[in-house]
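The block underneath contains the structure these notes are about, expressed in structure tokens.
The values are calculated or read from the model by the stated rules, or taken from the named source; none is laboratory data. Remember, it's a predicted structure, so these values are computed and weren't measured experimentally. As a convention, Cβ positions derive from the backbone with ideal geometry for all residues, glycine included, and neighbour counts pool all protein chains shown.
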Amino acid sequence: MEPEAEQRPITKTMRATLAIARRRAVQLTGRARGGGASLPSGAAGPEAVEWGYRLFLGREPEDPAIVANMAAQARSWEDVHQWFTESAEYRERHPQVARPSLTGHEPAIRIENVSGDNLDHLLAHVTSTWTELGRTEPYYSVLTGKRYRSEAIADNIDDFYETGPTEVNRLVATFDRNGVAIDSGSICLELGCGVGRVTPHLARAFSQVIAVDVSPNHLALARQRFADLGLQNVTCVLLENFDVFRHVGPFDVFYSQIVLQHNPPPVIDVLLDGALEYLSPGGVGFFQVPTYQAGYSFGLAEYLNGDSTRDAIEMHVLPQSRIFGLAARHGTDVLEVLEDAYTGMPGGLSNTFLVQKRVRS
């Protein structure tokens with residue numbers, strides 16, 4: 001899932017909306033010019049978060065579940081203000097006031113390790129969730145703009161697919177910036193192809209693309225799109241278990257954007273472990289993962305007993321240290337770590353990693 005964050009000209013209507021947002025923010029904080037009392041602890045509820053989106057990001061929240069989670073974590077309006085103004089999306093919109101997303105004073109996040117049957121259970125939950133999303137909202141679950149909802153997608157399908165080239169242009173620019181040559185004869189594995197938004201453009205850059213997705217419903221739409229485009233060098237694979245990389249590998253390029261973030265951290269860990277294991281010597285990985293989120297933690301029992309059991313788009317985190325450890329385990333050098341704005345969630349950090357596997361001597 002990627003929130004729409006394109007820049008639009010400021011209209012009179014937008015200025016009026018921002019003015020209302022600012023007045024409402026003052027009301028919500030209980031403060032006016034010249035001073036006044038701050039909100040009491042825990043008083044920054046969902047409405048404050050919603051107005052934070054409007055005031056600081058100039059848009060509506062992409063998902064009520066994100067709003068509810070942020071409100072639950074916010075101790076005061078000051079927390080909400082900090083999360084938004086330190087977010088990558090805010091800094092992209094307002095580069096003149098850009099600040100680092102993290103200060104270095106943030107506490108560690110707790111993530112419970114999971115293995116065996118429990119790990120399979122987590123993957124089954126992810127599969128169930130995304131299979132249902134593929135049935136009800138296949139396009140909106142990829143890009144969370146209202147125009148990509150099922151009731152509006154027919155009028156906006158071309159706009160949806162026209163966002164694909166930008167992703168591959170970003171990959172090419174990152175390769176070039178780091179002196180990584182793109183071999184047109186390479187095999188590229190795309191983890192999380194969805195409905196085939198980016199895949200056709202990868203297919204033009206590489207000799208073969210293995211398009212993998214956990215949702216059969218998304219994958220069916222992708223297959224139809226590839227057939228309509230006459231693509232002959234794309235193979236679609238349903239991710240049914242963690243052995244998928246062994247079955248389709250080795251591959252020269254591993255690509256995954258706005259995908260891993262929707263999996264619990266133990267699942268992200270195992271998927272990256274498999275991808276890096278079957279990446280060819282000299283091969284390159286280009287993948288995105290949220291690496292920090294204020295107030296985030298993961299515990300198996302809490303997760304399975306919570307709201308995560310419903311069919312909803314989830315957002316998860318895997319710390320940079322875990323990713324660096326996976327890279328080291330598989331003899332893979334980290335060439336670059338980019339900060340990105342893919343999550344749309346203030347109060348955290350999302351990174352795109354460029355890694356390259358060492359050639360055995």
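Quick notes on this structure:
- Scanning segment 192-207 for residues that are assigned to a helix (DSSP H, G or I) and aliphatic (A, V, I, L, M) yields a count of 3.
- Qualifying residue in segment 225-235 (condition: assigned to a helix (DSSP H, G or I), over 28 Å from residue 270 (Cα atoms), among the aliphatic types (A, V, I, L, M) and assigned by TED's automatic domain parsing to the domain that holds residue 267): yes
- Residue-level check: of (1) modelled with pLDDT under 95; (2) at positive phi, residue 282 misses just (1).
- Of the residues making up segment 250-266, not a single one is free of Cβ contacts under 8 Å to residues at least 40 places away in the same chain, within 18 Å of residue 125 (Cβ to Cβ), of a type outside the set (S, T, N, Q) and touching a Gly at 6+ places or on another chain (Cβ under 9 Å).
- Residues within segment 116-172 that are closer than 20 Å to residue 213 by Cβ and not in a helix (DSSP H, G or I), tallied: 10
- Considering (1) at pLDDT 95 or above; (2) within 15 Å of residue 192 (Cβ to Cβ); (3) buried (at least 17 other Cβ atoms within 10 Å of the Cβ), the lone condition that residue 164 does not fulfil carries the number (3).
- Selection of segment 133-161 for residues being buried (at least 16 other Cβ atoms within 10 Å of the Cβ) and β-branched (Val, Ile, Thr) yields 142, 144, 153.
- Any hit, segment 335-354, residues being without any contact (Cβ under 8 Å) to a residue 60 or more places away in the chain and either in the same structural domain as residue 283 (by TED's automatic domain parsing) or in a loop (DSSP other than H, G, I, E, B) (or both): yes
- Close pairs from segment 53-77: first assigned by TED's automatic domain parsing to the domain that holds residue 87, partner of a type in the set (S, T, N, Q) and crowded, with 19+ Cβ neighbours inside 10 Å, Cβ under 7 Å, at least 6 apart: 62/144; 63/144; 77/29
- All conditions in (1) closer than 29 Å to residue 56 by Cβ; (2) modelled with pLDDT of 95 or more; (3) surrounded by fewer than 16 Cβ atoms within 10 Å (Cβ to Cβ) hold for residue 306, with the sole exception of (2).
- Residue within segment 97-115 that is assigned to a helix (DSSP H, G or I), at pLDDT 95 or above and charged (D, E, K, R) present: no
- Per the conditions (1) at pLDDT below 95; (2) touching a Phe, Trp or Tyr at 6+ places or on another chain (Cβ under 6 Å); (3) more than 26 Å from residue 137 (Cα to Cα), the sole criterion not satisfied by residue 346 is (3).
- Restricting 313, 210 to residues that are outside any helix (DSSP H, G or I) and modelled with pLDDT of 95 or more narrows the list to 210.
- Neighbours by Cβ (under 8 Å, 6+ apart or cross-chain): first from segment 138-149, assigned by TED's automatic domain parsing to the domain that holds residue 225; second acidic (Asp, Glu) and surrounded by 21 or more Cβ atoms within 10 Å (Cβ to Cβ): 142/2; 143/2; 144/2; 144/62
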